[in-house]
Amino acid sequence: MDAVFTDQPVVLISPYDLGRQPFALAEPAALLGKAGRNAVCIDLSQQKLDTELPDYASVVFIHLGMLTATRIAMEALPRIQKRIPEARIAVFGWYAPINEALMREMGVDAVFGGESDQDMVDYVQSVIDDTDHPARHDALVNLGRVDFAVPERSGLPKLENYAKLVLPDGQQRIMGFTESTRGCKHVCRHCPVVPVYHGRFRAIHADIVLADIDQQVTQGAEHISFGDPDFLNGPNHALRIIQTMHADHPDLTWDAVIKIEHLLKHQELMPELRDSGCILITTAVESVDDYTLKQLDKGHTAADLKHVVALMRNTGIALAPTFVPFTPWTTLDNYRELIDALVELKLIQSVNPVQLSLRLLIPEGSRLLELPQEETCITEHNPASLGYEWTHKNPAVDTLQKDIRGYVETAEANGYDRLAIFNGVRDITYRAAGMTADPVTSEMLGESVPSHSETWYCCAEPTDQQLGSF
(Lines give C-alpha, C1' and ligand atoms only; values in the text may rest on other atoms or scores of the structure.)
Protein backbone atom coordinates (compact mmCIF):
# COMPACT_ATOMS: atom_id res chain seq x y z
CA MET A 1 0.00 0.00 0.00
CA ASP A 2 1.18 3.51 -0.79
CA ALA A 3 3.11 5.04 2.12
CA VAL A 4 0.98 8.17 1.84
CA PHE A 5 -1.53 6.37 4.10
CA THR A 6 0.90 6.92 7.00
CA ASP A 7 0.07 10.61 7.07
CA GLN A 8 -3.63 10.38 6.27
CA PRO A 9 -6.19 10.80 9.04
CA VAL A 10 -8.39 8.11 10.52
CA VAL A 11 -12.05 9.21 10.46
CA LEU A 12 -14.51 8.24 13.20
CA ILE A 13 -18.19 8.81 12.40
CA SER A 14 -21.19 8.75 14.71
CA PRO A 15 -24.43 8.69 12.69
CA TYR A 16 -26.64 9.22 15.76
CA ASP A 17 -26.30 8.91 19.54
CA LEU A 18 -29.53 10.27 21.05
CA GLY A 19 -28.31 13.86 20.87
CA ARG A 20 -25.29 13.22 23.12
CA GLN A 21 -21.62 13.98 22.52
CA PRO A 22 -20.50 10.44 21.62
CA PHE A 23 -18.22 8.60 24.03
CA ALA A 24 -18.01 5.93 21.32
CA LEU A 25 -15.92 8.30 19.16
CA ALA A 26 -13.99 10.10 21.90
CA GLU A 27 -12.53 6.97 23.51
CA PRO A 28 -11.09 5.31 20.35
CA ALA A 29 -9.93 8.77 19.22
CA ALA A 30 -7.81 8.90 22.39
CA LEU A 31 -6.32 5.45 21.76
CA LEU A 32 -5.57 6.36 18.15
CA GLY A 33 -3.91 9.57 19.34
CA LYS A 34 -1.71 7.61 21.76
CA ALA A 35 -0.68 5.43 18.80
CA GLY A 36 0.35 8.53 16.85
CA ARG A 37 -2.67 8.60 14.51
CA ASN A 38 -4.56 11.74 13.59
CA ALA A 39 -8.22 10.99 14.35
CA VAL A 40 -10.96 13.15 12.83
CA CYS A 41 -14.35 12.83 14.54
CA ILE A 42 -17.61 13.57 12.71
CA ASP A 43 -20.97 13.58 14.47
CA LEU A 44 -23.71 13.51 11.85
CA SER A 45 -26.28 14.72 14.38
CA GLN A 46 -24.34 18.00 14.48
CA GLN A 47 -22.22 18.13 11.33
CA LYS A 48 -22.65 17.60 7.60
CA LEU A 49 -20.83 14.76 5.91
CA ASP A 50 -20.22 16.74 2.73
CA THR A 51 -18.38 19.55 4.52
CA GLU A 52 -16.61 17.64 7.32
CA LEU A 53 -15.37 14.49 5.57
CA PRO A 54 -11.68 14.82 4.57
CA ASP A 55 -10.71 14.29 0.94
CA TYR A 56 -8.22 11.63 2.01
CA ALA A 57 -8.26 9.06 4.82
CA SER A 58 -6.65 5.70 5.51
CA VAL A 59 -9.64 4.27 7.42
CA VAL A 60 -13.19 5.41 8.13
CA PHE A 61 -14.79 3.86 11.23
CA ILE A 62 -18.59 4.14 11.58
CA HIS A 63 -20.23 3.55 14.94
CA LEU A 64 -23.36 1.38 14.72
CA GLY A 65 -24.63 1.79 18.27
CA MET A 66 -28.34 1.39 17.57
CA LEU A 67 -30.78 0.75 14.77
CA THR A 68 -31.29 4.43 13.90
CA ALA A 69 -27.53 4.95 13.65
CA THR A 70 -27.21 1.90 11.39
CA ARG A 71 -29.99 3.03 9.08
CA ILE A 72 -28.38 6.45 8.74
CA ALA A 73 -25.00 4.78 8.14
CA MET A 74 -26.51 2.79 5.27
CA GLU A 75 -27.56 6.05 3.66
CA ALA A 76 -24.16 7.65 4.27
CA LEU A 77 -21.96 4.76 3.10
CA PRO A 78 -22.25 5.39 -0.67
CA ARG A 79 -21.33 9.04 -0.19
CA ILE A 80 -18.27 8.13 1.84
CA GLN A 81 -17.16 5.59 -0.76
CA LYS A 82 -17.63 8.08 -3.57
CA ARG A 83 -15.75 10.85 -1.75
CA ILE A 84 -12.73 8.79 -0.62
CA PRO A 85 -12.79 5.54 -2.61
CA GLU A 86 -9.29 4.56 -1.53
CA ALA A 87 -10.18 4.51 2.20
CA ARG A 88 -10.96 1.28 4.02
CA ILE A 89 -14.33 1.40 5.79
CA ALA A 90 -14.94 -0.41 9.07
CA VAL A 91 -17.92 -0.56 11.44
CA PHE A 92 -18.12 -1.09 15.20
CA GLY A 93 -20.75 -1.10 17.94
CA TRP A 94 -23.69 -3.30 18.98
CA TYR A 95 -25.27 -3.39 15.52
CA ALA A 96 -22.02 -4.07 13.64
CA PRO A 97 -21.43 -7.83 14.17
CA ILE A 98 -25.12 -8.76 13.95
CA ASN A 99 -25.33 -7.02 10.57
CA GLU A 100 -21.97 -8.22 9.30
CA ALA A 101 -23.25 -9.81 6.07
CA LEU A 102 -25.17 -6.69 5.03
CA MET A 103 -22.28 -4.39 5.88
CA ARG A 104 -19.83 -6.44 3.82
CA GLU A 105 -22.25 -6.44 0.89
CA MET A 106 -22.20 -2.65 1.10
CA GLY A 107 -18.40 -2.56 0.87
CA VAL A 108 -17.34 -2.54 4.53
CA ASP A 109 -13.87 -4.02 4.94
CA ALA A 110 -13.78 -4.85 8.68
CA VAL A 111 -16.32 -5.45 11.45
CA PHE A 112 -15.72 -5.00 15.18
CA GLY A 113 -17.84 -5.66 18.28
CA GLY A 114 -17.50 -5.63 22.04
CA GLU A 115 -14.31 -4.24 23.57
CA SER A 116 -12.74 -3.63 20.19
CA ASP A 117 -10.97 -0.32 20.79
CA GLN A 118 -7.40 -1.63 20.67
CA ASP A 119 -8.29 -4.00 17.82
CA MET A 120 -9.37 -0.93 15.82
CA VAL A 121 -6.00 0.71 16.45
CA ASP A 122 -4.23 -2.48 15.32
CA TYR A 123 -6.41 -2.60 12.21
CA VAL A 124 -5.32 0.92 11.25
CA GLN A 125 -1.69 -0.18 11.57
CA SER A 126 -2.40 -3.20 9.34
CA VAL A 127 -3.85 -0.89 6.67
CA ILE A 128 -0.76 1.30 6.79
CA ASP A 129 1.54 -1.74 6.68
CA ASP A 130 -0.57 -3.38 3.95
CA THR A 131 -0.97 -6.55 6.02
CA ASP A 132 -4.03 -8.67 6.72
CA HIS A 133 -6.25 -8.40 9.81
CA PRO A 134 -8.76 -10.93 11.25
CA ALA A 135 -11.65 -8.42 11.24
CA ARG A 136 -11.49 -8.36 7.44
CA HIS A 137 -12.70 -11.97 7.30
CA ASP A 138 -15.00 -12.44 10.29
CA ALA A 139 -16.58 -10.04 12.76
CA LEU A 140 -14.05 -9.58 15.55
CA VAL A 141 -15.98 -9.54 18.84
CA ASN A 142 -13.56 -9.05 21.71
CA LEU A 143 -14.99 -9.37 25.23
CA GLY A 144 -11.63 -9.10 26.96
CA ARG A 145 -10.52 -6.24 29.17
CA VAL A 146 -9.39 -3.01 27.56
CA ASP A 147 -6.87 -0.49 28.84
CA PHE A 148 -9.08 2.53 28.26
CA ALA A 149 -7.77 6.02 27.72
CA VAL A 150 -9.37 9.27 28.84
CA PRO A 151 -11.70 10.13 25.94
CA GLU A 152 -10.42 12.77 23.52
CA ARG A 153 -13.34 15.17 23.07
CA SER A 154 -11.59 18.18 21.58
CA GLY A 155 -12.41 17.10 18.02
CA LEU A 156 -16.16 16.99 18.66
CA PRO A 157 -18.68 19.86 18.60
CA LYS A 158 -18.99 21.73 21.89
CA LEU A 159 -21.19 20.33 24.64
CA GLU A 160 -23.60 23.25 24.46
CA ASN A 161 -24.54 22.16 20.93
CA TYR A 162 -25.91 18.85 22.18
CA ALA A 163 -29.11 17.81 23.96
CA LYS A 164 -29.75 19.55 27.26
CA LEU A 165 -31.23 18.44 30.53
CA VAL A 166 -34.59 20.20 30.83
CA LEU A 167 -35.78 20.82 34.38
CA PRO A 168 -39.48 20.89 35.32
CA ASP A 169 -39.41 24.71 35.54
CA GLY A 170 -38.10 24.93 31.97
CA GLN A 171 -34.50 25.73 32.86
CA GLN A 172 -31.87 23.88 30.86
CA ARG A 173 -28.49 22.49 31.90
CA ILE A 174 -25.58 21.64 29.62
CA MET A 175 -25.33 17.88 29.64
CA GLY A 176 -22.19 15.77 29.49
CA PHE A 177 -22.20 12.08 28.68
CA THR A 178 -19.95 9.22 29.73
CA GLU A 179 -19.94 5.49 30.37
CA SER A 180 -18.74 3.60 33.45
CA THR A 181 -19.40 0.09 32.12
CA ARG A 182 -20.03 -1.57 28.79
CA GLY A 183 -22.16 -4.62 28.08
CA CYS A 184 -24.70 -5.99 30.55
CA LYS A 185 -24.95 -9.03 32.81
CA HIS A 186 -28.61 -9.52 31.92
CA VAL A 187 -29.97 -11.27 28.82
CA CYS A 188 -33.36 -9.68 28.08
CA ARG A 189 -34.59 -11.26 24.86
CA HIS A 190 -35.18 -8.04 22.92
CA CYS A 191 -32.02 -6.17 23.94
CA PRO A 192 -29.42 -5.44 21.19
CA VAL A 193 -26.58 -5.67 23.73
CA VAL A 194 -27.16 -9.37 24.37
CA PRO A 195 -26.13 -10.82 20.97
CA VAL A 196 -22.71 -9.19 21.42
CA TYR A 197 -22.01 -9.45 25.16
CA HIS A 198 -24.06 -12.56 26.07
CA GLY A 199 -24.61 -11.53 29.69
CA ARG A 200 -21.15 -10.07 30.36
CA PHE A 201 -20.10 -6.53 31.14
CA ARG A 202 -16.82 -4.70 31.50
CA ALA A 203 -16.07 -1.88 33.95
CA ILE A 204 -14.19 1.17 32.73
CA HIS A 205 -11.57 2.12 35.31
CA ALA A 206 -13.00 4.66 37.75
CA ASP A 207 -10.06 7.03 37.25
CA ILE A 208 -10.78 7.15 33.49
CA VAL A 209 -14.49 7.84 34.05
CA LEU A 210 -13.76 10.55 36.63
CA ALA A 211 -11.17 12.22 34.41
CA ASP A 212 -13.70 12.25 31.58
CA ILE A 213 -16.28 13.85 33.86
CA ASP A 214 -13.72 16.43 35.03
CA GLN A 215 -12.89 17.48 31.48
CA GLN A 216 -16.56 17.81 30.56
CA VAL A 217 -17.22 19.96 33.64
CA THR A 218 -14.33 22.16 32.53
CA GLN A 219 -16.04 22.40 29.12
CA GLY A 220 -19.27 23.57 30.75
CA ALA A 221 -21.18 20.40 31.74
CA GLU A 222 -23.67 21.01 34.54
CA HIS A 223 -25.18 17.54 34.43
CA ILE A 224 -23.77 14.11 33.53
CA SER A 225 -25.78 11.38 31.85
CA PHE A 226 -24.35 7.89 32.27
CA GLY A 227 -24.87 5.77 29.16
CA ASP A 228 -24.35 2.32 30.68
CA PRO A 229 -26.99 -0.25 29.66
CA ASP A 230 -27.45 -0.62 33.43
CA PHE A 231 -25.62 1.63 35.89
CA LEU A 232 -25.93 -0.89 38.75
CA ASN A 233 -24.47 -3.89 36.94
CA GLY A 234 -21.50 -3.23 39.23
CA PRO A 235 -22.94 -1.36 42.23
CA ASN A 236 -19.65 -0.97 44.11
CA HIS A 237 -17.98 0.42 40.99
CA ALA A 238 -20.87 2.84 40.48
CA LEU A 239 -20.72 4.01 44.11
CA ARG A 240 -16.99 4.72 43.91
CA ILE A 241 -17.57 6.91 40.87
CA ILE A 242 -20.54 8.90 42.16
CA GLN A 243 -19.01 9.43 45.61
CA THR A 244 -15.83 10.90 44.15
CA MET A 245 -17.71 12.84 41.50
CA HIS A 246 -19.94 14.44 44.12
CA ALA A 247 -16.99 15.29 46.35
CA ASP A 248 -15.19 16.95 43.43
CA HIS A 249 -18.28 18.61 41.90
CA PRO A 250 -20.96 18.98 44.59
CA ASP A 251 -23.30 21.00 42.33
CA LEU A 252 -23.19 18.48 39.47
CA THR A 253 -26.37 16.48 38.89
CA TRP A 254 -26.59 13.20 37.03
CA ASP A 255 -28.90 10.53 35.60
CA ALA A 256 -28.55 6.89 34.63
CA VAL A 257 -30.37 3.83 33.30
CA ILE A 258 -31.21 1.17 35.93
CA LYS A 259 -33.37 -1.95 35.65
CA ILE A 260 -36.55 -2.33 37.72
CA GLU A 261 -34.95 -5.50 39.10
CA HIS A 262 -31.88 -3.58 40.31
CA LEU A 263 -33.87 -0.68 41.75
CA LEU A 264 -35.66 -3.18 43.99
CA LYS A 265 -32.59 -5.27 44.79
CA HIS A 266 -30.47 -2.24 45.72
CA GLN A 267 -33.17 0.02 47.11
CA GLU A 268 -31.04 0.76 50.18
CA LEU A 269 -28.66 2.63 47.85
CA MET A 270 -31.30 5.03 46.55
CA PRO A 271 -30.81 7.71 49.24
CA GLU A 272 -27.08 7.75 48.52
CA LEU A 273 -27.72 8.10 44.79
CA ARG A 274 -30.02 11.03 45.52
CA ASP A 275 -27.60 12.70 47.91
CA SER A 276 -24.78 12.41 45.37
CA GLY A 277 -26.78 14.38 42.77
CA CYS A 278 -28.96 11.80 41.00
CA ILE A 279 -32.16 13.53 39.89
CA LEU A 280 -33.42 11.12 37.21
CA ILE A 281 -33.40 7.37 36.60
CA THR A 282 -34.56 5.87 33.32
CA THR A 283 -35.87 2.33 33.58
CA ALA A 284 -36.98 -0.02 30.81
CA VAL A 285 -40.41 -1.19 31.93
CA GLU A 286 -41.45 -2.24 28.40
CA SER A 287 -44.93 -3.51 29.36
CA VAL A 288 -47.46 -3.78 32.20
CA ASP A 289 -48.58 -7.22 30.97
CA ASP A 290 -46.91 -10.08 32.84
CA TYR A 291 -47.09 -12.51 29.92
CA THR A 292 -45.28 -10.04 27.66
CA LEU A 293 -42.66 -9.39 30.34
CA LYS A 294 -42.08 -13.14 30.61
CA GLN A 295 -41.65 -13.43 26.84
CA LEU A 296 -39.11 -10.59 26.92
CA ASP A 297 -37.34 -12.21 29.91
CA LYS A 298 -37.27 -8.84 31.68
CA GLY A 299 -36.84 -10.14 35.22
CA HIS A 300 -39.66 -8.06 36.73
CA THR A 301 -43.44 -8.07 36.93
CA ALA A 302 -46.13 -5.45 36.46
CA ALA A 303 -46.53 -5.27 40.23
CA ASP A 304 -42.81 -4.46 40.56
CA LEU A 305 -43.38 -1.23 38.62
CA LYS A 306 -45.83 -0.04 41.26
CA HIS A 307 -43.30 -0.76 44.00
CA VAL A 308 -40.56 1.12 42.15
CA VAL A 309 -42.78 4.14 41.49
CA ALA A 310 -43.52 4.38 45.22
CA LEU A 311 -39.85 3.79 46.11
CA MET A 312 -38.54 6.54 43.87
CA ARG A 313 -41.20 9.04 44.98
CA ASN A 314 -40.36 8.35 48.61
CA THR A 315 -36.66 8.74 47.82
CA GLY A 316 -37.08 11.91 45.79
CA ILE A 317 -35.54 10.76 42.50
CA ALA A 318 -37.59 11.26 39.33
CA LEU A 319 -38.41 8.12 37.36
CA ALA A 320 -38.63 7.99 33.57
CA PRO A 321 -40.13 4.65 32.51
CA THR A 322 -39.64 3.52 28.91
CA PHE A 323 -41.89 1.13 27.01
CA VAL A 324 -42.08 -1.04 23.93
CA PRO A 325 -45.88 -1.26 24.00
CA PHE A 326 -46.52 -2.92 20.63
CA THR A 327 -45.36 -6.53 20.54
CA PRO A 328 -46.70 -9.78 19.07
CA TRP A 329 -48.38 -10.36 22.48
CA THR A 330 -50.04 -6.96 22.78
CA THR A 331 -53.83 -6.95 22.78
CA LEU A 332 -56.16 -3.99 22.50
CA ASP A 333 -57.12 -4.63 26.11
CA ASN A 334 -53.62 -4.67 27.57
CA TYR A 335 -52.56 -1.63 25.56
CA ARG A 336 -55.51 0.16 27.11
CA GLU A 337 -54.38 -1.19 30.49
CA LEU A 338 -51.00 0.45 29.91
CA ILE A 339 -52.65 3.79 29.19
CA ASP A 340 -54.81 3.44 32.30
CA ALA A 341 -51.79 2.45 34.42
CA LEU A 342 -50.02 5.69 33.49
CA VAL A 343 -53.04 7.57 34.76
CA GLU A 344 -53.31 5.48 37.94
CA LEU A 345 -49.60 5.84 38.74
CA LYS A 346 -49.53 9.51 37.71
CA LEU A 347 -46.73 8.91 35.20
CA ILE A 348 -48.10 10.90 32.26
CA GLN A 349 -45.51 13.66 32.67
CA SER A 350 -42.78 11.05 33.15
CA VAL A 351 -43.25 9.22 29.83
CA ASN A 352 -42.05 10.66 26.56
CA PRO A 353 -45.03 10.44 24.16
CA VAL A 354 -42.97 8.57 21.54
CA GLN A 355 -42.78 5.71 24.05
CA LEU A 356 -46.48 5.05 23.54
CA SER A 357 -46.02 4.30 19.83
CA LEU A 358 -42.97 2.03 19.73
CA ARG A 359 -43.09 -1.32 17.96
CA LEU A 360 -40.86 -4.23 18.96
CA LEU A 361 -37.75 -4.60 16.83
CA ILE A 362 -36.32 -8.07 16.19
CA PRO A 363 -32.75 -7.65 14.89
CA GLU A 364 -30.47 -10.40 13.64
CA GLY A 365 -29.09 -12.38 16.57
CA SER A 366 -31.94 -11.43 18.90
CA ARG A 367 -32.88 -13.89 21.64
CA LEU A 368 -36.47 -13.41 20.49
CA LEU A 369 -35.57 -15.85 17.72
CA GLU A 370 -35.41 -18.56 20.40
CA LEU A 371 -39.21 -18.38 20.64
CA PRO A 372 -41.47 -20.34 18.28
CA GLN A 373 -42.44 -18.43 15.15
CA GLU A 374 -46.10 -18.59 16.11
CA GLU A 375 -45.18 -16.60 19.22
CA THR A 376 -43.14 -13.89 17.48
CA CYS A 377 -45.41 -13.65 14.39
CA ILE A 378 -42.31 -13.27 12.19
CA THR A 379 -43.08 -13.23 8.48
CA GLU A 380 -39.67 -12.62 6.90
CA HIS A 381 -36.15 -11.28 7.34
CA ASN A 382 -35.76 -7.84 5.79
CA PRO A 383 -32.11 -6.72 5.49
CA ALA A 384 -33.17 -3.20 4.56
CA SER A 385 -34.90 -2.74 7.91
CA LEU A 386 -32.09 -4.58 9.77
CA GLY A 387 -34.26 -7.27 11.21
CA TYR A 388 -37.28 -9.51 11.04
CA GLU A 389 -40.71 -8.30 10.02
CA TRP A 390 -43.65 -9.42 12.11
CA THR A 391 -47.38 -9.01 11.66
CA HIS A 392 -49.75 -9.15 14.60
CA LYS A 393 -52.38 -11.87 14.54
CA ASN A 394 -54.98 -9.17 15.14
CA PRO A 395 -54.69 -6.55 12.36
CA ALA A 396 -56.43 -4.04 14.63
CA VAL A 397 -53.34 -3.93 16.86
CA ASP A 398 -51.05 -3.06 13.95
CA THR A 399 -53.53 -0.42 12.82
CA LEU A 400 -53.62 1.06 16.33
CA GLN A 401 -49.81 1.30 16.41
CA LYS A 402 -49.69 3.11 13.07
CA ASP A 403 -52.46 5.48 14.11
CA ILE A 404 -50.78 6.33 17.39
CA ARG A 405 -47.35 6.80 15.85
CA GLY A 406 -48.74 9.13 13.20
CA TYR A 407 -50.70 11.09 15.78
CA VAL A 408 -47.75 11.47 18.19
CA GLU A 409 -45.37 12.66 15.48
CA THR A 410 -47.89 15.22 14.22
CA ALA A 411 -48.83 16.40 17.72
CA GLU A 412 -45.19 16.88 18.74
CA ALA A 413 -44.46 18.75 15.50
CA ASN A 414 -47.38 21.06 16.33
CA GLY A 415 -46.04 21.72 19.82
CA TYR A 416 -48.73 19.95 21.86
CA ASP A 417 -47.86 19.42 25.52
CA ARG A 418 -47.70 15.96 27.10
CA LEU A 419 -51.20 16.11 28.56
CA ALA A 420 -52.75 17.00 25.22
CA ILE A 421 -50.80 14.27 23.42
CA PHE A 422 -51.68 11.70 26.07
CA ASN A 423 -55.38 12.54 25.84
CA GLY A 424 -55.17 12.17 22.06
CA VAL A 425 -53.50 8.75 22.38
CA ARG A 426 -56.03 7.71 25.01
CA ASP A 427 -58.93 8.74 22.81
CA ILE A 428 -57.55 6.74 19.84
CA THR A 429 -57.02 3.73 22.13
CA TYR A 430 -60.52 3.75 23.57
CA ARG A 431 -62.17 4.32 20.18
CA ALA A 432 -60.28 1.28 18.79
CA ALA A 433 -62.01 -0.78 21.47
CA GLY A 434 -65.41 0.78 20.79
CA MET A 435 -65.27 2.73 24.04
CA THR A 436 -65.12 6.34 25.16
CA ALA A 437 -63.15 7.93 27.97
CA ASP A 438 -63.35 11.26 29.70
CA PRO A 439 -60.22 13.39 29.17
CA VAL A 440 -57.49 13.24 31.80
CA THR A 441 -57.23 16.52 33.71
CA SER A 442 -54.13 18.31 34.92
CA GLU A 443 -54.80 17.13 38.48
CA MET A 444 -54.16 13.55 37.32
CA LEU A 445 -50.87 14.29 35.55
CA GLY A 446 -48.35 13.71 38.28
CA GLU A 447 -45.30 15.86 38.84
CA SER A 448 -43.17 17.07 35.96
CA VAL A 449 -39.77 15.39 35.85
CA PRO A 450 -36.40 16.35 34.36
CA SER A 451 -35.96 15.14 30.80
CA HIS A 452 -33.50 15.17 27.93
CA SER A 453 -34.28 17.64 25.16
CA GLU A 454 -33.65 14.92 22.56
CA THR A 455 -37.04 13.28 22.18
CA TRP A 456 -36.18 10.20 20.12
CA TYR A 457 -35.43 6.76 21.43
CA CYS A 458 -32.79 4.20 20.52
CA CYS A 459 -35.21 1.33 19.80
CA ALA A 460 -37.42 3.30 17.44
CA GLU A 461 -37.43 3.46 13.67
CA PRO A 462 -35.66 6.58 12.34
CA THR A 463 -37.68 9.43 10.95
CA ASP A 464 -37.28 10.84 7.44
CA GLN A 465 -35.75 13.93 9.05
CA GLN A 466 -33.08 11.84 10.79
CA LEU A 467 -32.26 9.90 7.63
CA GLY A 468 -31.80 13.17 5.77
CA SER A 469 -29.79 14.85 8.51
CA PHE A 470 -26.37 13.87 7.21
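I'd like to know if segment 403-413 contains one or more residues that are over 23 Å from residue 191 (Cα atoms), surrounded by fewer than 12 Cβ atoms within 10 Å (Cβ to Cβ) and in the same structural domain as residue 335 (by TED's automatic domain parsing).
Taking every residue of segment 403-413 in turn, at least one turns out to be over 23 Å from residue 191 (Cα atoms), surrounded by fewer than 12 Cβ atoms within 10 Å (Cβ to Cβ) and in the same structural domain as residue 335 (by TED's automatic domain parsing).
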(request) State which residue is farthest from the chain's Cα centre (by Cα) when the search covers only segment 403-449 and only residues that are more than 30 Å from residue 171 (Cβ to Cβ) and of a type in the set (A, V, I, L, M). (result) 435
(request) For residues that are free of Cβ contacts under 8 Å to residues at least 40 places away in the same chain and not in a loop (DSSP other than H, G, I, E, B), scanning just segment 387-397, find the one that is surrounded by the fewest Cβ atoms within 10 Å (Cβ to Cβ). (result) 395
(request) Having 1 or more residues that are of a type in the set (Val, Ile, Thr) and surrounded by fewer than 21 Cβ atoms within 10 Å (Cβ to Cβ) is the bar; report the strands (runs of 3 or more DSSP E) wholly within segment 158-198 that clear it. (result) 164-166, 172-178
(message) Going by what's in this entry, would residue 220 be described as out of contact with any Phe, Trp or Tyr (no Cβ under 9 Å at 6 or more places or on another chain), of a type in the set (Gly, Ala, Ser) and outside the structural domain of residue 23 (by TED's automatic domain parsing)?
(response) yes
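Quick grid of which residues meet (1) surrounded by fewer than 23 Cβ atoms within 10 Å (Cβ to Cβ); (2) under 19 Å from residue 320 (Cβ atoms); (3) modelled with pLDDT of 95 or more; (4) not aromatic (Phe, Trp, Tyr):
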residue: 214; (1), (2), (3), (4): yes, no, yes, yes
residue: 222; (1), (2), (3), (4): yes, yes, yes, yes
residue: 232; (1), (2), (3), (4): no, yes, yes, yes
residue: 241; (1), (2), (3), (4): no, no, yes, yes
residue: 246; (1), (2), (3), (4): yes, no, yes, yes
(message) Only one of 45, 58 is crowded, with 22+ Cβ neighbours inside 10 Å, in contact (Cβ under 8 Å) with a residue 12 or more places away in the chain, more than 30 Å from residue 191 (Cβ to Cβ) and outside the structural domain of residue 184 (by TED's automatic domain parsing). Can you tell me which?
(response) 58
(message) I need a count of the residues in segment 216-242 that are outside any loop (DSSP other than H, G, I, E, B) and more than 22 Å from the chain's Cα centre (by Cα).
(response) 5
(request) Mind listing just one residue for me: the one in segment 26-36 that is farther than 21 Å from residue 256 by Cβ and buried (at least 22 other Cβ atoms within 10 Å of the Cβ) and, of those, nearest to the chain's Cα centre (by Cα)? (result) 28
(message) Out of the helices (runs of 4 or more DSSP H) lying entirely within segment 46-131, which hold 2 or more residues that are among the β-branched types (Val, Ile, Thr) and more than 25 Å from the chain's Cα centre (by Cα)?
(response) 117-129
(message) Of everything in segment 364-381, what is in a loop (DSSP other than H, G, I, E, B) and more than 12 Å from residue 296 (Cβ to Cβ)? Give them in sequence order.
(response) 364, 365, 372, 377
(request) Name the single residue, out of those in segment 132-148 being modelled with pLDDT of 95 or more and among the small types (Gly, Ala, Ser), that is farthest from the chain's Cα centre (by Cα). (result) 135
(request) Could you please find all residues in segment 128-157 being closer than 24 Å to residue 40 by Cβ, surrounded by fewer than 14 Cβ atoms within 10 Å (Cβ to Cβ) and not polar (S, T, N, Q)? (result) 129, 130, 147
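The values are calculated or read from the model by the stated rules, or taken from the named source; none is laboratory data. A quick note: this is a predicted structure, and the numbers were derived from the prediction, not measured. Every residue, glycine as well, gets a Cβ built from its backbone with ideal geometry; the counts of neighbours run over all protein chains shown.
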